[in-house]
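Student: Next up is a structure, given as structure tokens.
The values are calculated or read from the model by the stated rules, or taken from the named source; none is laboratory data. Worth saying up front: this structure is predicted, and the values here are computed from it rather than measured. Cβ placement follows ideal geometry from the backbone for every residue including glycine, while neighbour counts extend to all protein chains displayed.
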Amino acid sequence: MRSFRALLLAGATAAALTIGGIAPATAASLPAAVTPTPTPTPSASTAAPQTTPTPTPTPAVTPKPTATTPAPATPSAPQPAATATPSPTPKPTATPTPKPTTPPAPVFRQPLAAKSYTVSSHFGPRCIPVQGGSTYHYGVDMAARAGQPIYAIAAGVVTATVTGTSSRAGYIAVRHTISGAQYTSIYMHIWSATTHVKVGQTVSAGQRISQVGSSGVSSGNHLHLELWKATSTGSAAQNAATFLKPRGVDLYAAAAAVNAKPTPATCTYYTVGGVNFRTGPSTSYSIIRMLPRATAVVHVPGTITTGFIPVRVGSQQGWVSAGLVTPTKLTPAPAAVPPPAPAPKPATYATTAALNLRATASMSARIQLVIPKGANVGPIAASSGDWRKVTYAGKTGWVHSAYLVKR
Ligand SMILES: [Zn+2]
């Protein structure tokens, strides 16, 4: 039961994460009426990337119990039609926990009718699409018309129905037992989650469970399909397309088009304010320096640890909080645009000969002192004909301009 709950939480977390990113890719393939309004959700950023889901496509955790064979020795094979005959074995190993509510799921079906959708975003690493968005996409996005039926990809039990709003992505979760392992498929961005199913209901592969919507942070109508596999520690995100293909359901081949963009080797983001550039992925690591707003940072998509992403700034490697960068190019801080024009520094002068410093601008005026050759007399305070008012050794007076040179 705990893992079941963890699974749900993981799905919900991923939902909050990934929805932000659907916008750009989907927009291209949508009807013109859809306006892409990727509302940044900065709050989601901090909480979301905490769990670094190790996307192991096929982690062989559970040995396949040969479900078809009776397995006489071990009573662990969960046979639904077990007729509950008390096992004559003396030691009840307590393991056989029969799950009569979860039927086997050997058949797989398209979540949307073939050729009725386009693949608008791949599963896996991606550039953070909006501030607060995730650098990892936990689902496969299929853009389709509003109201188009969504079908369960396999038989299972409905474990969650969350109705969507404009700010919250609605979804239905269905738990499957596949080859002895527990999986949960999640169908996101729906509006009403309970029109066709309710929690606890058993559904068959290909049964209609919902319809395409655009709830939550979404640029347009599409199905975001996630698949999670229960593990000993929680759950691991699976690429639904990769999982389904060898099982007879090819999401890509059945798409009318694939508009998803390939993930680049690196993504460039911009700091949204003064952001600490740290030596490691938490605030307990030391600060290399403060990055001013609009600093470009380069990131390898998909890598994230406890909400921090490793980035390169120039030639320097460090970490920044994932929620404090945006893919939108920013201009440097507006305050710094007009650098306070430094008052033009007045030129200073020096003497080219020993020079009399006179009390007034006249050859006949009293000599206050003799300024030596090469002395600095500072800026000129005033002019009068060929005479210049300067200060030397604390005395202000007039000297002849013929013996001054600009320093
Ligand atoms: Zn998505």
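Student: Name every residue in the range 263-298 that is over 23 Å from Pro125 (Cβ atoms), in a loop (DSSP other than H, G, I, E, B) and of a type outside the set (A, V, I, L, M), in order of residue number.
Tutor: Gly273, Gly274, Thr279, Thr283, Ser284, Tyr285, Ser286, Pro292, Arg293
Student: Please go through the range 109-139 and pick out each residue that is in contact with a Lys or Arg (Cβ under 8 Å, 6 or more places away or on another chain) and either away from the ligand (no atom under 16 Å from the Cβ) or not assigned by TED's automatic domain parsing to the domain that holds Ser218 (or both).
Tutor: Across the range 109-139, the qualifying residue is only Ser116.
Student: Got at least one residue in the range 236-244 being within 16 Å of the ligand (Cβ to nearest atom) and modelled with pLDDT under 95?
Tutor: The answer is no, given that none of the residues of the range 236-244 is within 16 Å of the ligand (Cβ to nearest atom) and modelled with pLDDT under 95.
Student: Can you pull out the residues in the range 139-166 that are outside any strand (DSSP E or B), among the small types (Gly, Ala, Ser) and touching a residue at least 60 places away in the same chain (Cβ under 8 Å)?
Tutor: The answer is Ala146, Gly147.
Student: If you don't mind, another one. Against the conditions (1) surrounded by 15 or more Cβ atoms within 10 Å (Cβ to Cβ); (2) modelled with pLDDT of 95 or more; (3) touching a Leu at 6+ places or on another chain (Cβ under 8 Å), where does Gly220 fall short? Just the number, please.
Tutor: It is condition (2) that Gly220 fails.
Student: Then there's this: Looking at (1) part of a loop (DSSP other than H, G, I, E, B); (2) under 30 Å from Tyr269 (Cα atoms), which is the only condition Ala353 fails?
Tutor: Among (1) part of a loop (DSSP other than H, G, I, E, B); (2) under 30 Å from Tyr269 (Cα atoms), Ala353 violates only (2).
Student: Now, a different point. From the set of residues in the range 180-195 that are surrounded by fewer than 20 Cβ atoms within 10 Å (Cβ to Cβ) and in a loop (DSSP other than H, G, I, E, B), which is nearest to the ligand (Cβ to nearest atom)?
Tutor: Among residues in the range 180-195 that are surrounded by fewer than 20 Cβ atoms within 10 Å (Cβ to Cβ) and in a loop (DSSP other than H, G, I, E, B), the one nearest to the ligand (Cβ to nearest atom) is Trp191.
Student: When only residues in the range 167-179 that are assigned to a strand (DSSP E or B) and either among the hydroxyl-bearing types (Ser, Thr, Tyr) or not assigned by TED's automatic domain parsing to the domain that holds Ser218 (or both) count, which is nearest to the ligand (Cβ to nearest atom)?
Tutor: Tyr171
Student: Report yes if some residue within the range 140-150 is within 16 Å of the ligand (Cβ to nearest atom), under 29 Å from the mean Cα position of the chain (by Cα), among the charged types (D, E, K, R) and within 21 Å of Ala255 (Cβ to Cβ); otherwise report no.
Tutor: yes
Student: Separate question: Checking Asp250 against (1) touching a residue at least 12 places away in the same chain (Cβ under 8 Å); (2) surrounded by 13 or more Cβ atoms within 10 Å (Cβ to Cβ), which test does it fail?
Tutor: Every condition holds for Asp250 apart from (1).
Student: Hey, another quick one. Looking for something of a type in the set (A, V, I, L, M, F, W, C) and either part of a strand (DSSP E or B) or touching a Ser or Thr at 6+ places or on another chain (Cβ under 6 Å) (or both) - is there at least one such residue anywhere in the range 129-138?
Tutor: No, that holds for no residue.
Student: So Thr195 ticks every box in (1) among the hydroxyl-bearing types (Ser, Thr, Tyr); (2) modelled with pLDDT under 95; (3) closer than 23 Å to Val157 by Cβ but one. Which box is left unticked?
Tutor: Evaluating Thr195 over (1) among the hydroxyl-bearing types (Ser, Thr, Tyr); (2) modelled with pLDDT under 95; (3) closer than 23 Å to Val157 by Cβ leaves (2) as the failure.
Student: May I ask you to say which residue of Pro301, Pro342, Pro346 is in a loop (DSSP other than H, G, I, E, B) and in contact (Cβ under 8 Å) with a residue 60 or more places away in the chain?
Tutor: Pro301
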